Amino acid sequence: MNESVFHDPSSVLLLGPGPSPVSDAVRAAMAAPVLGHLDPEFVQLMDRVQGGLRTLYGTENRFTLPISGTGSAGMEAAVVNLVEPGDRVVVGIHGVFGGRMRDLVERQGGEAVVVEVPFGEPLDPDAMAEAIAGGDTKVVGLVHAETSTGVLQPLAEIVGAARAAGALVVLDCVTSLGGVPVELDRLGVDAAYSGTQKCLSVPPGLAPLSFSERAFERIRSRAKPSTSWYLDAGLLSGYWGEGQRAYHHTAPISMIYGLAAGLDAALGEGLEERFARHADAAQRLHRGLEVLGLECLVPVELRTPMLTSVCVPDGVDELAVRKRLRQLHGIEIGGGLGSLAGRVWRIGLMGHGARPEVVQRLLAALGESLGSVGFRCDVGAAMSTASV
Ligand code: PLP
């Protein structure tokens, strides 16, 4: 009798908003024997992972660790630790994930003051500054790379306004970490979270989180402990902190092996080189899309390299194109989210997927799929423009 009921999934090139392609090195690391969560060898690996995350985040923050859970768990950890009932929190919404942050703030009993722009635009720093100065703002939350639109949010002015008001800044780096510079300490960002399944090319399951000393002071001075036991930063630092480590919850050992391998790959490549590779792949894609006759949602100077929203041309069945890409070409891209549903495709070139040969394969498949639904385009010309 066949003992395994596991269905081995087919190999699909993941070029959507995440998860991104996972390298063989990461998959091999995750298949290693499981150690105990307080085993000395595993503790050494924890130290290495924390060091790697600090480098990637551009921070000296002691509290830098992977939360057990996906990017949303990182967002929830930031909010449940830093927001107390009644706190005024300015939330910038320029896509779906800013909206999720508002929801979490309100669930914690915070007063969410929202600054919103249409999807596809960046937040206006003046509007954010005005909202921040409009009351006793405790926290300012915003998304760095909005995966629902493809906007890379400029940060300096907003962070400056928050710091001037004495507010903590919480930055969503789920899609930006590992693909563009983040540099928490230089910017003055107090809290940041990310996910492993985007530019780190590790499967979904961990949320790298970092809190500054200022953020930690805020946590220490809370009137009441956080409503979440699992995500309580003080309790987590008992396991992830220096010195004697105490059990909090059983760490997802194999995921942490995978993250360690993903960090080794990122730091081994060199951060500058990695960011340049993401930028180069995006520029090739943008040139190729233009030759195919497609428009991007976001102006080029605001586009985040790892996620491009492409406007669906009039009369084209967007779902038919995505289905053909998946079924005939073995490529996944994303559809639109929220108000952009049905209006855009989202193409992710993240981590291991941000390579010239991947762009070539995508342009060939996309051109063929568009042709199949009656949209005429010159695939050869697009591929040759993108090849240089
Ligand atoms: N924030 C951003 C910018 C995201 O792109 C995502 C997921 O795509 C999330 C938060 C939520 O992360 P997850 O789906 O891993 O929980």
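A short reminder: the numbers here are calculations on the coordinates, not readings from a lab. Model, not experiment: these values are computed from the prediction. Ideal geometry is used to build each Cβ from the backbone, glycine not excepted, and the neighbour counts take in all protein chains shown.
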- Where the centre of each part is set by its Cα atoms, how far does region 265-314 sit from region 192-212, in angstrom? 21 Å
- Compute the long axis of helix 356-372 from its Cα atoms, compare it with the longest principal axis of the Cα atoms of the chain, and write down the angle in degrees, 0 to 90, nearest 10. 60 degrees
- Given 15 as the ceiling on other Cβ atoms within 10 Å, longest exposed-site-free region of the chain for GluC sites (Glu not before Pro) in DSSP loops: 61-182
- Query: Kirkwood-based Rg over Rh for the chain (C-alpha set), two decimals?
  - Reply: 0.98
- Query: Nearest-5 percent of antiparallel DSSP beta bridges in the chain?
  - Reply: 50 percent
- Task: Provide the FRET efficiency to the nearest 0.05 for the E130-E106 pair, computing r from the beta carbons and using R0 = 25 Å.
- Result: 0.75
- Shape call for region 328-388, from the Cα gyration tensor axes a ≥ b ≥ c (a/c under 1.5 means rounded, otherwise prolate when a/b beats b/c, else oblate), comes out oblate
- Neighbourhood net charge (13 Å Cβ-Cβ; Lys/Arg +1, Asp/Glu -1) for E157: -2
- trypsin sites (Lys or Arg not before Pro) within region 346-388: DSSP coil, no more than 15 neighbouring Cβ in 10 Å: R376
- Query: Counting each DSSP H run of 4 or more residues in the chain as -39500 (n - 2.57), what helix-only mean residue ellipticity at 222 nm follows after dividing by all residues, to the nearest 500 deg cm²/dmol?
  - Reply: -13000 deg cm²/dmol
- Task: Could I have the simple spin-label model distance between S11 and V388, label points 7 Å from Cα toward Cβ, reported in nm to one decimal?
- Result: 3.2 nm
- Task: May I ask you to evaluate 6.51 cos²θ - 1.76 cosθ + 1.60, the Karplus curve with θ = phi - 60°, for each residue of region 154-162 and list the ³J(HN,Hα) values in order in whole Hz, giving x for glycine and proline?
- Result: x, 10, 3, 5, 5, 5, x, 5, 5
- Message: If you filter region 234-299 for chymotrypsin sites (Phe, Trp or Tyr not before Pro), then keep DSSP loop positions with at most 12 other Cβ within 10 Å, what is left?
- Response: Y247
- With +1 on each Lys and Arg Cβ and -1 on each Asp and Glu Cβ, how big is the dipole of region 24-267 about its Cα centre, in debye rounded to the nearest 20? 500 debye
- Collect residues whose amide H, placed 1.01 Å from N in the peptide plane, falls under 5 Å from the amide H of L307; neighbours closer than 5 in sequence don't count. L349
- Message: Need the C-alpha centroid separation for region 12-64 versus region 213-254, integer Å.
- Response: 19 Å
- Grab the other residues whose beta carbon is less than 10 angstrom from that of G166, score K and R as +1, D and E as -1, and report the net. +2
- Note on the structure: For the A25, D378 Cβ pair and Förster radius 41 Å, calculated FRET efficiency rounded to 0.05 is 0.65
- With a sphere of radius 11 Å drawn around the Cβ of V140, what net charge do the other residues whose Cβ falls strictly inside it have (Lys, Arg +1; Asp, Glu -1)? +2
